[in-house]
There are 4 protein chains.
Amino acid sequence: MIIVLKSGITKKQEAGVLQEIRKRGYKPHVMRGVARTVVGAIGDELTHASLDTLATQFPNVVESVMPVQKRYKLVSREAHPANSTVKVRDQIIGGKKFQIMAGPCSVESEKQLLTTAVAVKAAGATILRGGAFKPRTSPYEFQGLGEKGLKLLAKARKETGLAIITELLSEHHAELIAEYTDIIQIGARNAQNFQLLIAAAKTGKPVLLKRGLSMKIEEWVLAGEYVLANNNSGLMFCERGIRTFETYTRNTLDLSTIPIIKKESHAPIVIDPSQGAGRADLVAAMCKGAVAMGADALLIEVHPNPAEAWSDGAQQVSLELFAQLMQELRPFIAAAGRE
Amino acid sequence: MIIVLKSGITKKQEAGVLQEIRKRGYKPHVMRGVARTVVGAIGDELTHASLDTLATQFPNVVESVMPVQKRYKLVSREAHPANSTVKVRDQIIGGKKFQIMAGPCSVESEKQLLTTAVAVKAAGATILRGGAFKPRTSPYEFQGLGEKGLKLLAKARKETGLAIITELLSEHHAELIAEYTDIIQIGARNAQNFQLLIAAAKTGKPVLLKRGLSMKIEEWVLAGEYVLANNNSGLMFCERGIRTFETYTRNTLDLSTIPIIKKESHAPIVIDPSQGAGRADLVAAMCKGAVAMGADALLIEVHPNPAEAWSDGAQQVSLELFAQLMQELRPFIAAAGRE
Amino acid sequence: MIIVLKSGITKKQEAGVLQEIRKRGYKPHVMRGVARTVVGAIGDELTHASLDTLATQFPNVVESVMPVQKRYKLVSREAHPANSTVKVRDQIIGGKKFQIMAGPCSVESEKQLLTTAVAVKAAGATILRGGAFKPRTSPYEFQGLGEKGLKLLAKARKETGLAIITELLSEHHAELIAEYTDIIQIGARNAQNFQLLIAAAKTGKPVLLKRGLSMKIEEWVLAGEYVLANNNSGLMFCERGIRTFETYTRNTLDLSTIPIIKKESHAPIVIDPSQGAGRADLVAAMCKGAVAMGADALLIEVHPNPAEAWSDGAQQVSLELFAQLMQELRPFIAAAGRE
Amino acid sequence: MIIVLKSGITKKQEAGVLQEIRKRGYKPHVMRGVARTVVGAIGDELTHASLDTLATQFPNVVESVMPVQKRYKLVSREAHPANSTVKVRDQIIGGKKFQIMAGPCSVESEKQLLTTAVAVKAAGATILRGGAFKPRTSPYEFQGLGEKGLKLLAKARKETGLAIITELLSEHHAELIAEYTDIIQIGARNAQNFQLLIAAAKTGKPVLLKRGLSMKIEEWVLAGEYVLANNNSGLMFCERGIRTFETYTRNTLDLSTIPIIKKESHAPIVIDPSQGAGRADLVAAMCKGAVAMGADALLIEVHPNPAEAWSDGAQQVSLELFAQLMQELRPFIAAAGRE
C-alpha cells in the first residue's frame, strides 16, 4: 500500500499515521518528496488488515491510499503462465481449434431444438446452447421450459453428439442442471451473485462466466477467482457487451477484453455477439472481429425462425445466415492461426 | 405497438407486414405520412405475442418497432394512485414521518453492534441496519458472521426496540433471514437475481430493493413488480448510486430517482448515501439533498470506529458524526414538510 | 510518482528502470515489499518530465505508474483556502446570498425576453439567462438570433437591472459577446474546447464553465485552471448533468459535485437542473436538492410559453411555475443558512 | 411524430391536443388501442414545428412523443446508396485498398518526424499523421509546436510523398492548417464544436471527424451532416473509443461502429486503436479486429522512441513494432477482401 500524505502537516500528525500503519501489521517506509510525503506500507495486502480507511481516520492528514498488489491469485496469468484449456466431451476450448457454440436463446420445443442442433452441427458448431431457465426483466415474460427443456437438450446431444451449454439461474437448480449439461453458463445479471458462482463451481462442471453489464474487468476476473477457489479449474470468460450511453446497440461489445483477458488470466475467452449487439444484422461483423482478435470460441444465438422466437428474436440469426456466417469466418480463422 | 416502415417499399412488402401483424393477434392501422408510413398495431401488448421481431423478419421493410404501453402493472402509480406505506413493527415508512435506518456495514461483534444501536437510537434512528451475510468482490474478503450475526441483530432489537434490516444473499437463507429480520434487503448486485427476489417476496417480510449498478429505472421498477406479483405489498425502492465514468466517487448517487419513483410508482423511496458516495465526507450533503427532494427514508452506514471496520470503512460515519448529522437534518426535514 | 515493479524481475532489470528515473530528473527511492518492489520517484511532477511511459518502455519490468500530486494549482482549494466570490454588477455569487439565474433557453423576440425578464425578477431572480448563439445537434435546427439576441439581452438588462449571462460558441465572437454580457457561459459541448476557454478568459468577464457530458471532475477542474491561468479570477463551475446509461432523464444530474467542488476548489458552484433533467416536471425537486446540498446559485430555463419555445421546450418551466418554485425554495434556502 | 395519450383522459382533453397538433402544421390521425390512444401526426418533421413539447404543455394528457424520421439527410445511406470515397493526393480512402495513416502523436522535431515518416512509409503506410496543435487536459502540458510543426509535416510530405493529416483546434487556424495539410482532423473533444466543423468544412479539405467521448452514433452522424451541409463531400468518420465505466483501458473502442456506420452512412470509417486503448500492447489486436470487421483505414500512433514522447507515450508503438504489425495484418486484409 502507498499512503500519500497532505502537504503542510505537522510531525505529530505524521507520527500518528505511522503508528496506525504499524498497528495494522505493516512496516511504514517514509519518502519525503518535493510536494508531498509518501509512505510505503510494507506487508502482504492479501493477508493484513486493509489500510483503505486511513483517509477516513485521518481526514486532515492522509490524502489518498493506493494498493500495489493485484487482488486475484489463482485466476491470474502469473499463477499459471500457460493457457489453460477446458475439455468438454471430445472438444477442447482454449486450444488450437476455434470452437463454435450455437443454438436458440430459449429451448421452445423438440422440433425447434433438434432442427437447430442438426443444422448448426452441419455448419460446423461443436457445442449446442439453449436456455431452459430464462432470466426475464418482467415477471410476465416467458420464463423457460425448465426441466423439460433440459431433457430436450439431452436428447439433442444424444442425437447429434454435440456438447451442451445452458444457464444456471438458481442455487436450487445447481445439481439438476449439472446432471444434464456439459457446461454451466452464469449469465450477466448473476455475474456477481457469488452464492450462485460457488454452487456452480461445486458441481465440478466447466463454468462459462459472462461479464456483468457494468462489471469492470478486475471484478470479472475476481468473480472467476470464486470458481477456481472452489476447486473448479474449468473456468471460461465470456464477453457479451457492457452497458454504456449508446442506444443504437443493446449493449457495447467490448472486444478489447480478448487481449486483456489473455494478458491477465490463463482461462479461455469466448465472445457472445448476439447479446452484445442485440441485432442479428451486426452479428457477422462482430464474429469476424472476435476471431481476428484472438478469441477462443463464439457463442451465437441461432433459431430456425427468429421472427417467432419466444425470447430475444431480434438478435437471433436464422439457420441459413448461420451456415453462411460459418463459411465467411473460415479465412479469418485461418488468418488467426486457428483451425 | 407502432411499426415504422422504410421509405420506398412496395405495396406487396407492406401487405406482408400487415398480414404478420394480424397473425400475431393485433389489428393493424395504417397511417401514411409525408416521409414514412407508420402502422399502429392495436391489441394489448401485455397479453399478445411481441412484435419486436418484425424488424428482423422484414429487414428491408420495417425500420423500427416502438412499444406504447408501460411494461409494469401492480407497481405503477396508475395501479395505486395513493402512496403505499410499509409498516415495520411500530414504524411506518412512506408516511408523514421521515425514517432513519442506520447501523454498521457488517455486524462484527456484540459490542460493536450494541454500541451502535444504542447510539443511533439516541440520535433519532428507528431502524437498525447490519450485514450478516456480505457479498464481497473477492473470495478472500470477510464474508460476514452469518447466523451468529442475525442473532446479534435480534439481541440488539430486543434491547433497543429498533426494527432490523439485513441483506439476503442466497435463496437457501430466505427462511432463516425472515425468521430474524423485520425488512429483507436485496443488494445492488442481486437486483436482477429474480429467483432471489421471488424467494424474498414469498417470506412475506417487507423487501427493500436496491437499484443495480447499471439498472435503468424501468428495469428497477419491473424488478419491483416481481415482489408485488408474488403477493408481497411491502416493497420499498432504495437508490444507492449507479456506475458511471466518474471515479472521484465510488458510484454516482442519482437523486433524480426520488421524484421519478414518486411519479412512476406508489412505493416508498429510500436513499443510501454511504454506498452512493463511498466516502464518509460526502454523506452529510447527500442526506440533506435526499431529504429536500422528498425521499421517505435514509439508510446510513454508521460504525463506532470506521477505521477498524471489517468492510467498507471508508464510507461509514462515526457515532459522533451521525449524531451531528441528525441535528443538521432537522431544518431540512421541516422544510420538506416531514416529521 | 510511484512506480510498481513486477514480481520476479532481476537486479539488472531493476537497475535499468532506476537509471531511467534518474535520467528524467527524479531521485529514485526503493521500497522492497513482501510481494512487490515499489519505487518512489522524488521530484516535482508539474515541472519534470513525465514517467508515465515507463510501463511502455519496460513492459516486462514495470507494472504500473501512479501520480501522487494533483494536476491543478490555481483553481485548487489548497491555493486559495477561502471561498472565492464573483461580483456581477451589484450581485455577489459565492457569498451569503443564494443567487438565481433564470430566463429562456433561446432569445426569441423582444416580447418573449422582456416578459420573462420582468417575471423572473419579480419572483426573485437577479441574473437573466438567454442564448443568442445556440449549439444544435443538427445543422437544420434553429441556431439562435445572434447579435440581434445580444441586443435584446442588453435592452432587458437596461429595463430590469438584471445582470446578463449568455453562451459563447465561437472564438470569433468572444469580443462581441463580452461587449454585451456580464457573464460568459461555456457550454457542455465546449467544456474541453481549450481555445474557446482561453478566448473567454481573456475578455476579463466572469466565466461560467459547464461540465462536459462525460467529463471527470478532475478534468473539469483542470479546464477551470485554463481560465485562472489566463488571468481571469471570475470562474464559476456549473453542473448540468452527465451522460449515463439511464434514458428516463436526458442526463443524470450529479449533485455530489456540490460538496466535491467545495472540497477541491474555491470557486462557486452553480446547478442547472433544466439541462440535468431535460424535463420540467423534475426541475423543482432538483432545485431543492441543490439548495440543501450547498450550491451557490441555480440556472433555470424559464419561458412564457414553453410549448412554443424554439428550442428545448420540454425542459423549460412557465412563469407561473417559476414563481411558485421560488416560493417553495425559501424554507430550504433558510435551512441551508443562505439568504 | 407519434403522440401516446394517457389512459383515462376525457374527450375534451383529447380534442385540445388534436387542435394543438393541427396548429403546428400536422394532420392528426387517431388510433384507439386497447390500453392507450395513439395519435399519428402527419407532416414532415424536418420542416414543421416540433411536437416535443406536447408532453410539457399537456402533462396530464400526453404520455410521450416519439419521432419516426431520422434527423440526418445528406450523410445518410439513403441519400447516397453507394459508398463514397475520399481522394487524398494519389490515394483513395473508402475504396478497395485498405489505407494506413501513421505517425507520432505530436510533431516534436525534424529528426523525429522524418525518421518516423520514412519508416512508416517503408512498412506500408500512405498517410502521415502528426499533431502540431495539441488539445491538452492541463494548461501546463506541451501544447504542440504550432506552425513550425506544420512546416515539418510539409517537409516530410515533400521528402516521402506521404499525404498529411493533422488536427485543427481553433477556428482562427482553419486557413493556416488547410494551407499545409491534406486532411483536417477534428478531435474527440471538438466533435460537437459546430463552429469548428463549419470552419473545417469551408476550407474544402477532406475532414476526418473523430467520435466524441460520449457521443451517440446518431449525434456523430449529425455532426457529419454539418460537414456535408457546408458543401464538403470529403467526410470520414473515425472511431477512437468512448468513455465508459471501465478503467483498464483509457477508452472503450467500439468496433461495432464499423458495420453501423456502413449501414447508416456512405462515408468511410477509420479506426484509431491508439486512443481507443491508450496502451500500445493492445494496439495490434485491435487493428486486426478493425480490419476483419470492414474498416476502411487505420490511424495509428507511431514514435521512434515512445518512452521519450512529449505526449501520450504509453499508447504509441515503436517503428519496429509498427513494421511487425503491418506484416501481421496482411492475412486479415486479404481475408477481408481488401488490398
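The values are calculated or read from the model by the stated rules, or taken from the named source; none is laboratory data. Just so we're clear, the structure is a prediction, and the values are computed from it rather than from any experiment. Neighbour counts are summed over all protein chains in view; Cβ atoms, including those assigned to glycine, are modelled from backbone coordinates with ideal geometry. The protein model used for the area step is the full one, side chains on, heavy atoms only, and it has no ligands, DNA or RNA in it. Shrake-Rupley method; radii C 1.70, N 1.55, O 1.52, S 1.80 Å.
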- Task: Scan the stretch B:151-178 for residues that are assigned to a helix (DSSP H, G or I) and within 14 Å of B:A199 (Cβ to Cβ) and jot them down.
- Result: B:E171, B:H172, B:H173, B:A174, B:E175, B:L176, B:I177, B:A178
- Failed criterion for C:E239 (all others in (1) touching a Ser or Thr at 6+ places or on another chain (Cβ under 7 Å); (2) at the interface with chain B (Cβ under 9 Å from one of its Cβ atoms); (3) open to solvent by less than 10 Å² (accessible area, probe 1.4 Å); (4) not polar (S, T, N, Q) hold): (2)
- Message: On the basis of being at positive phi and either open to solvent by 10 Å² or more (accessible area, probe 1.4 Å) or in contact with a Pro (Cβ under 6 Å, 6 or more places away or on another chain) (or both), does D:G234 make the cut?
- Response: no
- Would you pick out the residues in the stretch A:173-192 that are under 13 Å from the mean Cα position of the chain (by Cα) and either on the phi > 0 side of the Ramachandran plot or within 13 Å of chain B (Cβ to nearest Cβ) (or both)? A:I186, A:G187, A:A188, A:R189, A:N190, A:A191, A:Q192
- Task: Test A:M215 against the criterion of being assigned to a loop (DSSP other than H, G, I, E, B) and over 13 Å from A:E264 (Cβ atoms), and give yes or no.
- Result: yes
- All positions within the stretch D:144-172 that are under 23 Å from the mean Cα position of the chain (by Cα) and open to solvent by 40 Å² or more (accessible area, probe 1.4 Å): D:H172
- Item | Residue that is surrounded by the fewest Cβ atoms within 10 Å (Cβ to Cβ), among those in the stretch D:203-214 that are without any contact (Cβ under 8 Å) to a residue 60 or more places away in the chain and away from every other protein chain (no Cβ under 13 Å) | D:G204
- Could you run through the stretch D:287-339 and say how many residues are more than 14 Å from chain C (Cβ to nearest Cβ), open to solvent by less than 10 Å² (accessible area, probe 1.4 Å) and either assigned to a strand (DSSP E or B) or free of Cβ contacts under 8 Å to residues at least 24 places away in the same chain (or both)? 4
- Message: Kindly evaluate A:E264 against the criterion of being within 14 Å of chain B (Cβ to nearest Cβ), touching a residue at least 60 places away in the same chain (Cβ under 8 Å) and open to solvent by 10 Å² or more (accessible area, probe 1.4 Å).
- Response: no
- Query: What about A:A201, is it touching a Ser or Thr at 6+ places or on another chain (Cβ under 6 Å), closer than 26 Å to A:F98 by Cα and assigned to a helix (DSSP H, G or I)?
  - Reply: no
- Task: Please specify each residue of the stretch B:126-136 satisfying the condition of being part of a loop (DSSP other than H, G, I, E, B) and surrounded by 19 or more Cβ atoms within 10 Å (Cβ to Cβ).
- Result: B:T126, B:G130, B:A132, B:F133, B:K134, B:P135
- Sole miss for B:L197 among (1) over 10 Å from the mean Cα position of the chain (by Cα); (2) surrounded by fewer than 24 Cβ atoms within 10 Å (Cβ to Cβ); (3) within 20 Å of A:Y140 (Cα to Cα); (4) not polar (S, T, N, Q) is condition (2)
- Given the conditions (1) within 29 Å of C:D254 (Cβ to Cβ); (2) aromatic (F, W, Y); (3) more than 23 Å from the chain's Cα centre (by Cα), every one holds for C:Y226 apart from (3)
- Hits in the stretch D:22-39 - residues which are among the small types (G, A, S) and in contact (Cβ under 8 Å) with a residue 24 or more places away in the chain: D:G25, D:A35
- Message: Just to be sure I understand the filter: pairs with C-beta atoms under 8 Å, separated by 6 or more residues or on different chains, first member in the stretch A:215-236 and free of Cβ contacts under 8 Å to residues at least 40 places away in the same chain, second member among the aromatic types (F, W, Y). Which pairs pass?
- Response: A:K216/D:F245; A:K216/D:Y248; A:W220/A:F237; A:A223/A:F194; A:Y226/A:F194
- Message: Cβ-Cβ distance below 7 Å, separation of 6 or more or different chains: which pairs start in the stretch B:60-72 with a residue that is within 15 Å of A:R279 (Cβ to Cβ) and end on one that is open to solvent by 70 Å² or more (accessible area, probe 1.4 Å)?
- Response: B:V65/B:D52
